[in-house]
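Worksheet for the structure shown next.
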Amino acid sequence: MRVFGDSHVFSVKYEFTTNPFNEKGLLAESWGVFELWVNGKELCNSSKNNHEHTAYEWNLYHLVEWLGENLPIILLDEEFPLPVQGKTALELLTKSLEFDSDNDDEFDEWFSTKQDWEFKHSWFSSRGGSYLPEVYFRRIGNQIEISWNNEDLYAEGISFPFITGVEYVPIEIFDTVLKNYIHDFLKMLRLKTECIDEFEKFSEKVL
């Protein structure tokens, strides 16, 4: 596997594998295994019906696209956009669910703001049909808070070894590891793809 960072602090590991489906194009060629390590915990492996845990494997196109679009936002955005109190992203999101209003426009605006923040700080909306854990990335001063909540996330008997939790990573390490991963992913994908036009458009989007 190609490795970026230290798994005892923050690390990404990946490798391309054979696509098991009859897919075509750049999406198909991006099929691979992905690991996210935070302070010695690998967050992406899962098991089905309590059988042996397996690594996350899917079209990695989706993850890289989300990271390319949202990493700059995560690195700069320090404020949760709603006036609620909480020490972690999970607490803030839980508190924001308590909001209620008889004014439909006010109610819709509140939950639209919450959802927009979630889209930009969690990759879950870009899982592309895969069993991706629900992980949030939030800047806290000079650190990135990485929190997750996978309790009853999927109805298909999918479980994760680390159900809920929060860890902190120095922002410069987080930034360097993910940017190195994105650049390497693009380099290796370019070497294997014949979909040059599609690759160029994708590369422009995530860099």
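The values are calculated or read from the model by the stated rules, or taken from the named source; none is laboratory data. Remember, it's a predicted structure, so these values are computed and weren't measured experimentally. Here the Cβ positions follow ideal geometry from the backbone for every residue, glycine too, while neighbour counts run over all protein chains shown. Accessible surface is based on the protein model in full, side chains and every heavy atom, while ligands, DNA and RNA are left aside. Shrake-Rupley method; radii C 1.70, N 1.55, O 1.52, S 1.80 Å.
What to note about this one:
- Hits in the range 18-57 - residues which are β-branched (Val, Ile, Thr), part of a loop (DSSP other than H, G, I, E, B) and open to solvent by less than 40 Å² (accessible area, probe 1.4 Å): none
- Test: residue 156 is surrounded by fewer than 16 Cβ atoms within 10 Å (Cβ to Cβ), at pLDDT 95 or above and acidic (Asp, Glu): no
- Matching residues in the range 41-62 - criterion: being under 16 Å from residue 12 (Cβ atoms), touching a strand residue (DSSP E or B) at 6+ places or on another chain (Cβ under 9 Å) and in contact (Cβ under 8 Å) with a residue 24 or more places away in the chain: 41, 42, 43, 44, 45, 56, 57, 58, 60, 61
- Unmet criterion (only one of (1) open to solvent by 40 Å² or more (accessible area, probe 1.4 Å); (2) out of contact with any strand residue (DSSP E or B) (no Cβ under 7 Å at 6 or more places or on another chain); (3) not charged (D, E, K, R)) for residue 202: (1)
Matching residues to (1) open to solvent by less than 30 Å² (accessible area, probe 1.4 Å); (2) in contact with a strand residue (DSSP E or B) (Cβ under 8 Å, 6 or more places away or on another chain); (3) modelled with pLDDT under 95; (4) not basic (Lys, Arg):
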position	(1), (2), (3), (4)
9	no, yes, no, yes
64	yes, no, no, yes
97	no, no, no, yes
111	no, no, no, yes
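- Residue 194 out of contact with any helix residue (DSSP H, G or I) (no Cβ under 6 Å at 6 or more places or on another chain), open to solvent by 70 Å² or more (accessible area, probe 1.4 Å) and not basic (Lys, Arg): yes
- Within the range 77-90, considering residues that are modelled with pLDDT of 95 or more and exposed (fewer than 15 other Cβ atoms within 10 Å of the Cβ), the one farthest from residue 173 (Cα to Cα): 83
- If the condition is being among the charged types (D, E, K, R) and closer than 24 Å to residue 193 by Cα, then the range 18-68 contributes 23, 24, 29, 35, 57, 65.
- Tallying residues that are among the hydrophobic types (A, V, I, L, M, F, W, C) and farther than 18 Å from residue 75 by Cβ within the range 122-137 yields 2.
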